[in-house]
Amino acid sequence: MSVEQVERMRVAWVDTDAGGRIHFSNAFRWAEVAETALMRRLGMLERWGDYPRRHVEAEFHEVLRFEDEFEVRLVVEAVGRTSITYAWTIERDGAVCISGRHTVVNVDRDGSSEPLADDVRAALSA
């Protein structure tokens, strides 16, 4: 079974563009909220390292607007030697509005990739 985090949220006015729809960049921000909540739930937030994004992608299926309630469902899709890939959906009333994924890479202070700690790998591979 994959490690999963679900966050319930609502579209705020600041999340929308001039057309009243969400601005596309918010999908990535909301996925990051779920990723942070997952690290907090697993007790790893205080020691969470430096994980820049290596790859991000999203597909927009349905429009979200101001005051829409939705769920971000984030799943650990793959744990590599130095990276973690998350797959996620943003759903309203059970319908997938946005699907995406992003890969983060563990790096040292100089920005070079380094292996994930064994406990991080174990927690995310459960």
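The values are calculated or read from the model by the stated rules, or taken from the named source; none is laboratory data. For clarity, every value in this text was computed on a predicted model and none was experimentally measured. Note: ideal-geometry Cβ built from the backbone for every residue, glycine included; neighbour counts use all protein chains shown. In case anyone asks, the SASA skips ligands and DNA or RNA and just uses the protein heavy atoms, side chains included. Shrake-Rupley method; radii C 1.70, N 1.55, O 1.52, S 1.80 Å.
Some observations on this one:
- FRET efficiency for residue 59 and residue 118, using Cβ-Cβ distance with R0 set to 41 Å, rounded to 0.05: 0.75
- Annotation for segment 27-53 versus segment 68-122: alpha-carbon center distance of 8 Å.
- Per-residue Karplus couplings for segment 59-68, computed as 6.51 cos²θ - 1.76 cosθ + 1.60 with θ equal to phi - 60°, are listed in order as 10, 9, 9, 9, 6, 10, 10, 3, 6, 5 Hz, Gly and Pro entered as x.
- Once C-alpha pairs closer than 8 Å and six or more residues apart are averaged by separation and normalised to the residue number of the chain, the relative contact order reads 30 percent.
- DSSP loop trypsin sites (Lys or Arg not before Pro) with at most 14 other Cβ within 10 Å: longest gap in the chain: 1-46
- Compared with the dominant principal axis of the Cα atoms in the chain, helix 25-41 is inclined by about 50°.
- Each eigenvalue of the Cα gyration tensor of the chain, multiplied by 5 and square-rooted, gives one semi-axis; in descending order these are 28, 15, 12 Å.
- Put simply, segment 77-126 fits an ellipsoid with semi-axes of 28, 13, 7 Å; these come from the alpha carbon gyration tensor as the roots of five times its eigenvalues, largest first.
- For the residues 25, 99, 83, a GNM of the chain with alpha-carbon springs under 10 Å puts the largest fluctuation on 25.
- Dipole moment magnitude, nearest 20 debye, the chain about Cα centre, only Lys, Arg, Asp, Glu C-beta charged: 120 debye
- Cα→Cβ-extended label distance, 7 Å offset, between residue 45 and residue 9, nm: 1.5 nm
- Sequence-separation-based contact order of segment 48-110, relative, with Cα cut under 8 Å and 6+ spacing, percent: 44 percent
- Mean residue ellipticity (222 nm) of the chain, computed from DSSP H runs ≥ 4 via -39,500 (n - 2.57), nearest 500: -6000 deg cm²/dmol
- In range of the label at residue 83: residues from segment 33-54 whose backbone nitrogen is under 13 Å from the point 7 Å along Cα→Cβ: 52-54
- Site pair residue 125 and residue 24 shows an inter-label distance of 3.6 nm when each label is modelled 7 Å from Cα along Cα→Cβ.
- Note on exposure: 66, 24 ranked by accessible area (1.4 Å probe, complete protein assembly) read 24, 66, with the most exposed listed first.
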